[in-house]
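Asks: Below is a structure I'd like to ask you about.
The values are calculated or read from the model by the stated rules, or taken from the named source; none is laboratory data. None of these values were measured; they are calculated from a predicted model. As a convention, Cβ positions derive from the backbone with ideal geometry for all residues, glycine included, and neighbour counts pool all protein chains shown. Just the protein is used for accessible areas: all its heavy atoms, side chains included, with ligands, DNA and RNA removed. Shrake-Rupley method; radii C 1.70, N 1.55, O 1.52, S 1.80 Å.
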Amino acid sequence: MRSPNFNFLQPVSQPGDAGARVIAVTSGKGGVGKTNLTVNLAVELNRRGYRTAIFDADLGMANAEVLLGISPRYTLYDYLYNGKSMIEIIAVAPAGVSVISGGSGFVELANLDYQARKRLGRGLQELDRCFDFVLVDTGAGISKTVLGFVAAAQEALVVLTPEPTSLTDAYGLIKILAKYNVHNQIMVVVNRAGDEKEAWRTYQTLQTTTERFLQVRLINLGFLPDDKTVVQAVKQQQPFIMQAPAAPAAQHLVQVANRLLAGRQAESPGGLQSFFGKLMRLFG
């Protein structure tokens, strides 16, 4: 693992800013490339000068770390119970992206006493000043834990593929979020599309059904084509945006980042303090 150089952890937000832009990246089913999109999007945002962190909230898994070729020494649990600082639990990947592993720390949020909550608040305030983006890599599906992370985040990004089962499960996830009035708009990325037409058909099918039955607006961030360079990059534990920047998947990832940046809702409340505050209420 690369030795962290925390000189880069300098405040980037101005007084009164809402804090980091917290985006939950999720999916209705596993195996759709959610974590791979999260990692590469984080790398691309970081490359553009946006200080970006990944909060690995896929409990029991460490796919983001595996894809980045790192092994964090500490997790959020160590911050809460073992006296580690926020700086100590941050792992920095060779790509420059910071990774914070949740471990079992997320599960413990509901059990924190007053002093622990106060300490967590101070740590999150520090992180909010240090990052522009925090991408929360959730698990897949519609478990209470996954829904909690998505509900607590400022924004939600759903990843799906053109497979009928993926489309059905993505709609099921959005339907539950709509039922509880969690987000009135949700970003969507279609992954592993055969071509642009297939990606557009997939998105349109989801959009048509959603607009007909749910009060949720979908935002199309684009698609990533089925690209063999992605598989090769995964095997080598390298983000494909770095290993093969001229490949089709990398070029489309750049477009996804463009649309994500263009669609920022500046008036929306956010930040890690808000995110964790909601998590503690939801998990409690």
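Asks: I need a count of the residues in segment 159-183 that are of a type outside the set (G, A, S) and closer than 16 Å to L214 by Cα.
Replies: So in segment 159-183, the residues of a type outside the set (G, A, S) come out as 159-165, 167-169, 171, 173-177, 179-183.
Add one more test, that the residue is closer than 16 Å to L214 by Cα, and what stays is 167-169, 171, 173-177, 179-183.
Summing the residues that are of a type outside the set (G, A, S) and closer than 16 Å to L214 by Cα in segment 159-183 gives 14.
Asks: Taking the options G103, G96, name whichever one is under 17 Å from the mean Cα position of the chain (by Cα), on the phi > 0 side of the Ramachandran plot, modelled with pLDDT of 90 or more and open to solvent by less than 50 Å² (accessible area, probe 1.4 Å).
Replies: Details: G103 fails: modelled with pLDDT of 90 or more.
Every option except G96 fails the conditions.
Asks: Kindly indicate the residue of segment 176-217 that is under 21 Å from L147 (Cβ atoms) and of a type in the set (K, R) and also most open to solvent (accessible area, probe 1.4 Å) among those meeting that condition.
Replies: Once the filter is applied, the top-ranked residue is K179.
Asks: While we're on this one: Condition (residue is open to solvent by 10 Å² or more (accessible area, probe 1.4 Å) and either of a type in the set (D, E) or without any contact (Cβ under 8 Å) to a residue 24 or more places away in the chain (or both)) applied to segment 165-175: is it met by at least one residue?
Replies: So the first thing to find is which residues in segment 165-175 are open to solvent by 10 Å² or more (accessible area, probe 1.4 Å), and the list is 165, 167-169, 171-172, 175.
Next, from what is left, pick out any that are either of a type in the set (D, E) or without any contact (Cβ under 8 Å) to a residue 24 or more places away in the chain (or both): 169.
Yes, segment 165-175 has at least one match.
Asks: Residues that are closer than 30 Å to D195 by Cβ: find the strands (runs of 3 or more DSSP E) completely inside segment 53-161 holding 3 or more of those. Even if it seems obvious, please write down each step before you answer.
Replies: Details: elements: 90-92, 98-101, 133-140, 155-160.
Ranges flagged: 133-140, 155-160.
Asks: Does segment 134-146 hold any residues that are under 14 Å from the mean Cα position of the chain (by Cα) and within 22 Å of G271 (Cβ to Cβ), and which are they? Write out each step before concluding.
Replies: The first filter runs over segment 134-146 and keeps only residues under 14 Å from the mean Cα position of the chain (by Cα), leaving 134-140, 146.
The answer is V134, L135, V136, D137, T138, V146.
Asks: Further, regarding this structure: Quick check on my filter: what residues within segment 21-52 are of a type outside the set (D, E, K, R) and part of a strand (DSSP E or B)?
Replies: Of the residues in segment 21-52, the ones of a type outside the set (D, E, K, R) are 22-28, 30-33, 35-43, 45-46, 49-50, 52.
Listed by number, the residues that qualify are V22, I23, A24, V25, T26, S27, T52.
Asks: Within the set of pairs 6+ apart or on separate chains, which have a first residue in segment 57-77 that is over 13 Å from G102 (Cα atoms) and among the hydrophobic types (A, V, I, L, M, F, W, C), a second that is open to solvent by 50 Å² or more (accessible area, probe 1.4 Å) and at pLDDT below 90, and C-beta atoms under 6 Å apart?
Replies: So the pair list comes out as I70/M1.
Asks: Quick check on this structure: which one of F131, F149 is within 18 Å of K29 (Cα to Cα), under 18 Å from the mean Cα position of the chain (by Cα) and open to solvent by less than 40 Å² (accessible area, probe 1.4 Å)? Quick ask: steps written out before the conclusion?
Replies: On the way: F131 fails: within 18 Å of K29 (Cα to Cα).
From the options F131, F149, the qualifying one is F149.
Asks: List pairs: first in segment 197-223 and in contact (Cβ under 8 Å) with a residue 60 or more places away in the chain and under 18 Å from H252 (Cβ atoms), second open to solvent by 70 Å² or more (accessible area, probe 1.4 Å) and not hydroxyl-bearing (S, T, Y), Cβ under 8 Å, 6+ apart or cross-chain?
Replies: The qualifying pairs are L221/R259.
Asks: Could you check how many residues of segment 38-53 are open to solvent by less than 10 Å² (accessible area, probe 1.4 Å) and not aliphatic (A, V, I, L, M)?
Replies: Matching residues across segment 38-53 total 4.
Asks: Of all residues in segment 111-128 being over 22 Å from the mean Cα position of the chain (by Cα) and touching a residue at least 40 places away in the same chain (Cβ under 8 Å), which is least open to solvent (accessible area, probe 1.4 Å)?
Replies: The qualifying residue least open to solvent (accessible area, probe 1.4 Å) is L112.
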